[in-house]
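The block underneath contains the structure these notes are about, expressed in structure tokens.
The values are calculated or read from the model by the stated rules, or taken from the named source; none is laboratory data. Not measured: the values here are computed from a predicted model. Counting neighbours? That spans all protein chains shown, and the Cβs are built from the backbone with ideal geometry, glycine included.
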Amino acid sequence: MRISVVGCGYLGAVHAACMAKLGHEVVGIDVDERKIAELSAASAPFYEPGLEELLRDVQETGRLSFTTDMSAAAGSEVHFVCVGTPQKKGENGADLTFVDAATAALLPYLQPGNVVVGKSTVPVGTAARLEALVLDREPEAHLVWNPEFLREGHAVADTLRPDRLVYGVASGSEDHAAVTILDEVYASTLSTGTPRLVTDHPTAELVKTAANSFLATKISFINAMAEVCEAAGADVTRLADAIGMDDRIGRKFLHAGIGFGGGCLPKDIRAFMARAGELGADQALTFLREVDAINMRRRTRVVELTRELCGGGLLGKKITVLGAAFKPNSDDVRDSPALSIAAQLQLQGAVVTVTDPKALSNAAKRFPELQYEPDLDAALANSDALLLLTEWQEYRDMDPYATRMAVTTPRILDGRNVLDAGKWRAAGWTYRGLGRP
Ligand code: UGA
């Protein structure tokens, strides 16, 4: 099939490459010339494991191209809208400027029978509004909401082998013409047994926000338990192991630490609360305010613990922050808890050096006032305290004996609870985890 993908960020670039991998002829369209130039040269504009190999692989087949020219969408049967929906400045709601602009730009190129497929995370009600615009221009076109559940760091695998596919169509019924067309797009994914659910528009939009809200709630739940464990002298990691053995609870997303960040979970729960307020259902989501508050408290707690670890004062203390990305295997620093903690420590008088295998150039753009050191050994040198804030494998693998030689004072705060506390203490370190005795 001929497919256009509008928006080539974390979601769209991966989606375009994966659709070409599935055998379709794909054009990726974005207004950002630099991004398009990089993607055209099979180079990923951001770090995502496996993406560059995939881009090279599919570009050799001639099935994938990129352009800034929207008219390239003409002739495609299916048009995916994959642009960002960031948080509005100074407000909780989602900023739909890019979704609206992308849809408006597509309208002149729609043909009868075409399907516009929204993948961006949007407030419930957006699909119905956009469908009216589409039908006004081309009465025989369709609009489907097809939320995306990929995780950064696993984006290629999650797109090629998703847990489920959700199609939101106006009628909510399987016999909608767009269902057959999307089944053709995802034919090879469906042939491996991936479940596919057809819903109405609002349900499909809500599936995405509900899923991210549930994940955020799970993380904040275990971080709330970490607070109680700290007060009671218990160990939240063992508590999570034990409750996670109950199938109904599960161990995934019960890693207590510095909390969630990134371009999705924080802004999605806020946009969800804002939208529920508009719908008169705000009471239903007041718990998400607490989920957000617990999450933000983690960052303050780490600053306090670092002060304690440094003997009561941060002034002039040399602190090394291991990790800048919001999670490992990503260079994304949007709402990164690691960087927000680093910036707080610096504001309170510490001399902070941040290191990360991939995210330093993005970090420097957001927080130019921090000092960055790409070389791990150089970052460790003369440190008064280490803070492990993003659990990259190389930090998990650090040898406590060798690391001790590099620093001034062997103190470590394990913000992700991934190190073996006994081993680090045995090597002479003052070790602090979160929610652990
Ligand atoms: C999240 C969802 O997991 C995806 O399903 C969704 O498609 C995506 O948002 C999106 O809306 O686009 P992502 O933001 O890539 O994916 O990251 P997650 O793996 O969900 O991690 C989010 C944050 O939670 C990270 O900062 C991570 O370190 C933190 N986290 C995760 C914890 O603190 N504890 C955990 O147990 C798990």
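Descriptive notes on the structure:
- Listed by first and then second residue, the pairs linking a residue in the stretch 383-399 that is over 14 Å from SER336 (Cβ atoms) to a residue that is buried (at least 24 other Cβ atoms within 10 Å of the Cβ) and hydroxyl-bearing (Ser, Thr, Tyr), with Cβ atoms under 7 Å apart and 6 or more places separating them unless they lie on different chains, are SER383/THR320; ALA385/THR306; LEU386/THR320.
- Top-ranked residue of the stretch 399-418 - restricted to ones that are crowded, with 20+ Cβ neighbours inside 10 Å and of a type in the set (A, V, I, L, M), ranked as nearest to GLU230 (Cα to Cα): LEU413
- Matching residues in the stretch 274-293 - criterion: being within 16 Å of the ligand (Cβ to nearest atom) and either surrounded by fewer than 20 Cβ atoms within 10 Å (Cβ to Cβ) or not β-branched (Val, Ile, Thr) (or both): ARG275, LEU288, ASP292, ALA293
- Answer from ASP335, ASP331 - the residue that is assigned to a loop (DSSP other than H, G, I, E, B), at pLDDT 95 or above and in contact with a Pro (Cβ under 7 Å, 6 or more places away or on another chain): ASP335
- Once the stretch 364-420 is narrowed to residues that are within 16 Å of the ligand (Cβ to nearest atom), among the aliphatic types (A, V, I, L, M) and out of contact with any Leu (no Cβ under 6 Å at 6 or more places or on another chain), the residue that is nearest to GLN346 (Cα to Cα) is LEU389.
- Where helices (runs of 4 or more DSSP H) fall entirely within the stretch 1-117, those with at least 2 residues that are in contact with a strand residue (DSSP E or B) (Cβ under 6 Å, 6 or more places away or on another chain) and within 16 Å of the ligand (Cβ to nearest atom) are at 10-21.
- Residue within the stretch 342-361 that is polar (S, T, N, Q), farther than 20 Å from PHE46 by Cα and crowded, with 24+ Cβ neighbours inside 10 Å present: no
- Looking only at the stretch 120-159, and only at residues there that are closer than 25 Å to ALA20 by Cα and more than 16 Å from the ligand (Cβ to nearest atom), the one that is surrounded by the fewest Cβ atoms within 10 Å (Cβ to Cβ): ALA141
Here's the yes/no breakdown for (1) surrounded by 17 or more Cβ atoms within 10 Å (Cβ to Cβ); (2) touching a residue at least 24 places away in the same chain (Cβ under 8 Å); (3) within 15 Å of the ligand (Cβ to nearest atom):
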{"residue": "ASP175", "(1), (2), (3)": "no, no, no"}
{"residue": "ALA178", "(1), (2), (3)": "yes, yes, no"}
{"residue": "THR189", "(1), (2), (3)": "yes, yes, no"}
{"residue": "LEU197", "(1), (2), (3)": "no, yes, no"}
{"residue": "ALA204", "(1), (2), (3)": "yes, yes, yes"}
{"residue": "SER220", "(1), (2), (3)": "yes, yes, yes"}
{"residue": "GLU230", "(1), (2), (3)": "yes, yes, no"}
{"residue": "VAL236", "(1), (2), (3)": "yes, yes, yes"}
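- Scanning the stretch 57-99 for residues that are farther than 28 Å from ARG334 by Cα and basic (Lys, Arg) gives a single hit, ARG63.
- Take the conditions (1) within 16 Å of the ligand (Cβ to nearest atom); (2) part of a helix (DSSP H, G or I); (3) in contact (Cβ under 8 Å) with a residue 12 or more places away in the chain; ALA242 misses just one of them, which is (3).
- Condition check for PRO162: more than 17 Å from ALA178 (Cβ to Cβ) and either part of a strand (DSSP E or B) or within 16 Å of the ligand (Cβ to nearest atom) (or both): yes
- A single member of ASP246, ASP268, ASP241 is among the acidic types (Asp, Glu) and surrounded by 21 or more Cβ atoms within 10 Å (Cβ to Cβ), and it is ASP268.
- Checked against the criterion of being touching an Asp or Glu at 6+ places or on another chain (Cβ under 7 Å), assigned to a helix (DSSP H, G or I) and away from the ligand (no atom under 16 Å from the Cβ), the stretch 296-306 contains not a single residue that satisfies it.
- Some residue of the stretch 299-311 being under 29 Å from SER213 (Cα atoms) and polar (S, T, N, Q): yes
- Residues within the stretch 420-437 that are under 29 Å from ASN295 (Cα atoms), surrounded by fewer than 21 Cβ atoms within 10 Å (Cβ to Cβ) and without any contact (Cβ under 8 Å) to a residue 60 or more places away in the chain, tallied: 5
- Looking only at residues of the stretch 19-47 that are buried (at least 24 other Cβ atoms within 10 Å of the Cβ) and within 22 Å of the chain's Cα centre (by Cα), we find that the one that is nearest to THR159 (Cα to Cα) is MET19.
- Test: residue in the stretch 183-190 that is part of a loop (DSSP other than H, G, I, E, B) and under 25 Å from GLU53 (Cα atoms): yes
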